[in-house]
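Have a look at the structure below before the remarks.
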Amino acid sequence: MKVTVFGTGYVGLVQGAVLADVGHDVVCVDIDAAKVAALQAGRIPIHEPGLTPLVQANHAAGRLHFTTDAAAGVAHGDLIFLAVGTPPDEDGSADLKHVLAVARTIATHMAAPKTIVNKSTVPVGTADKVAAEVRQALAQRGADIAFEVVSNPEFLKEGAAVADCMRPDRIVIGTASAAAERQLRELYAPFNRNHDKIVLMDVKSAELTKYAANAMLATKISFINEIAGLAERLGADIEAVRRGIGSDPRIGYHFIYPGAGYGGSCFPKDVKALIHTAHEVGFVPEVLEAVERRNDAQREVLAERIVAHYGGQLQGKTIAVWGLAFKPETDDMREAPSRNLLAALWAAGAQVRAHDPVAMQEARRIFGERADLTLCDSPMAALEGADALAIVTEWKQFRVPDFNRVAQALRDRIVFDGRNLYDPAVVARHGLAYESIGRPKFSPM
Ligand SMILES: NC(=O)c1ccc[n+]([C@@H]2O[C@H](COP(=O)([O-])OP(=O)(O)OC[C@H]3O[C@@H](n4cnc5c(N)ncnc54)[C@H](O)[C@@H]3O)[C@@H](O)[C@H]2O)c1
């Protein structure tokens, strides 16, 4: 099928490549000329496991094209995906300017019927706004061309985006149009062979499903972080509690890891946007507001712990930081808890030596050259001349460090672990003090 995808970010690029890989003829359009030029030259602007060979192979096979030419993009696809960003506006609502701009672009150039498929995460009612925008632009041209706007939210996880798109656990389609449903069933048939993963519903429910999914996951994280805070104050161990509740199949082990708070480009903005939507309809979202407040506080916990350990005085101290990305297997640092940590350490006068397996370039772009930040090539290099170690991202590379070397390198011999990666007794045995989330503090043995 002929497909056009507007937006070549984490969602659009992966979706476009995966659709091309099963044989669809895909054109990806982006307004970022540098990104498009890179993609045309086979360079992938983001880190996503498995994405580079997938894009290169399908580009070489002639099934995946990249362009800034919106008119050509609109002419190509019978199905046109919207996968542009929906960043938070100043009031926390989702900013729809990119989505509506693409809607206008489609209406300006379309010469035949189109099915517009919205993959961006957008508030309930956005499909109607997109339809109104298209209708208005068509009317201005004096054109009368049929179109449909379908909601098809994306549930991929950064760091596993290719695998998630190739083997989705559900394909939510919101439409009342039998013709659009048929088109999408045909498009997704290669991903729907084992059993029917399509969950068909009305447009508004599909739009709300995406927010409900992210809000539920964020709730689980804030819940376990709240219990971790309690465990610390009561002398309990959150890791024991986590295993104790996770074994209940009604609760499950997923997404109940205590830590330095959730981040990334989705949970914070989507929880915020859903809260905003609730207030717009005069409904107080008690749970969601608490989820957000808990997370805002949790993102400061690691820094507070370090600052408290040093009595508020970090002048002359150097803190090694392992992990900058908001989670492993991505270079995405949008709303990453590491950014809260670094800001607080700098505010207290500390020097930072940081390492991340893939987000170093992104860190350089975000922070620029700073006298109080040294980006290091390896975890061990970050420890050179450091007083303490803080861990913010649970990369596999950090799971089994040589604790003897860590202990020798750190002047103050203390590890602040924002992801509970280690057995405290093991760390302590190597002569290191250890503070983690929701567990008793350990002194060196
Ligand atoms: N990142 C995720 O894990 C994820 C998962 C599910 C859903 N989503 C949602 O998908 C949407 C896209 O997210 P993302 O992370 O891929 O964003 P992104 O910021 O990585 O990419 C968006 C891309 O859209 C391009 N763009 C903006 N305006 C454009 C226009 N008028 N025409 C063509 N291209 C344009 C930008 O240049 C950029 O390359 C968001 O609504 C997000 O909430 C994201």
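The values are calculated or read from the model by the stated rules, or taken from the named source; none is laboratory data. What you see is a predicted model; the values in this text were computed from it and never measured. FYI the Cβ positions are ideal-geometry reconstructions off the backbone, even for glycines, and counts take in every protein chain you see. The protein model used for the area step is the full one, side chains on, heavy atoms only, and it has no ligands, DNA or RNA in it. Shrake-Rupley method; radii C 1.70, N 1.55, O 1.52, S 1.80 Å.
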Q.
What pairs come out if I take residues in the stretch 133-158 that are more than 14 Å from the ligand (Cβ to nearest atom) and pair them with residues that are of a type in the set (A, V, I, L, M) and in a loop (DSSP other than H, G, I, E, B) whose C-beta lies under 8 Å away, six or more apart or interchain?
A. Leu138/Met110; Leu138/Ile145; Ala143/Met110; Ile145/Met110; Ile145/Ala111; Ile145/Ala112; Phe147/Met110
Q: Could you please give the count of residues in the stretch 69-114 that are open to solvent by 10 Å² or more (accessible area, probe 1.4 Å), over 29 Å from Gly263 (Cβ atoms), of a type outside the set (Lys, Arg) and out of contact with any Lys or Arg (no Cβ under 9 Å at 6 or more places or on another chain)?
A: 10
Q. Applying the selection to the stretch 42-68, what residues are under 25 Å from the mean Cα position of the chain (by Cα), open to solvent by 60 Å² or more (accessible area, probe 1.4 Å) and more than 16 Å from the ligand (Cβ to nearest atom)?
A. Pro53, Gln56
**Q.** strands (runs of 3 or more DSSP E) completely within the stretch 353-431 that count 1 or more residues being open to solvent by 30 Å² or more (accessible area, probe 1.4 Å) and in contact with a helix residue (DSSP H, G or I) (Cβ under 7 Å, 6 or more places away or on another chain)
**A.** 373-375
Q: Just give me the residues in the stretch 4-26 being buried (at least 24 other Cβ atoms within 10 Å of the Cβ) and aliphatic (A, V, I, L, M), in sequence order.
A: Val5, Val11, Leu13, Val14, Ala17, Val18, Leu19, Ala20, Val26
Q: Can you tell me which residue within the stretch 238-271, out of those that are assigned to a loop (DSSP other than H, G, I, E, B) and within 16 Å of the ligand (Cβ to nearest atom), is surrounded by the fewest Cβ atoms within 10 Å (Cβ to Cβ)?
A: Phe255
(Q) Cβ-Cβ under 7 Å, sequence separation 6+ or interchain: first residue in the stretch 44-62 and assigned to a loop (DSSP other than H, G, I, E, B), partner open to solvent by 30 Å² or more (accessible area, probe 1.4 Å) and among the acidic types (Asp, Glu). Which pairs? (A) Pro49/Glu329
(Q) Between Gly349, Gly316, Gly311, which is on the phi > 0 side of the Ramachandran plot and open to solvent by less than 40 Å² (accessible area, probe 1.4 Å)? (A) Gly349
(Q) Within the stretch 28-41, take every residue that is in contact with a Ser or Thr (Cβ under 8 Å, 6 or more places away or on another chain) and hydrophobic (A, V, I, L, M, F, W, C) and give me the one that is most open to solvent (accessible area, probe 1.4 Å). (A) Ile31
Q.
With the requirement that a residue be buried (at least 19 other Cβ atoms within 10 Å of the Cβ) and either of a type outside the set (A, V, I, L, M, F, W, C) or touching a helix residue (DSSP H, G or I) at 6+ places or on another chain (Cβ under 7 Å) (or both), what does the stretch 295-304 give you?
A. Asn295, Gln298, Arg299, Leu302, Ala303
Q: Output yes when any residue across the stretch 371-379 is modelled with pLDDT of 95 or more, more than 25 Å from Gly261 (Cα to Cα) and within 28 Å of the chain's Cα centre (by Cα), and no when none is.
A: yes
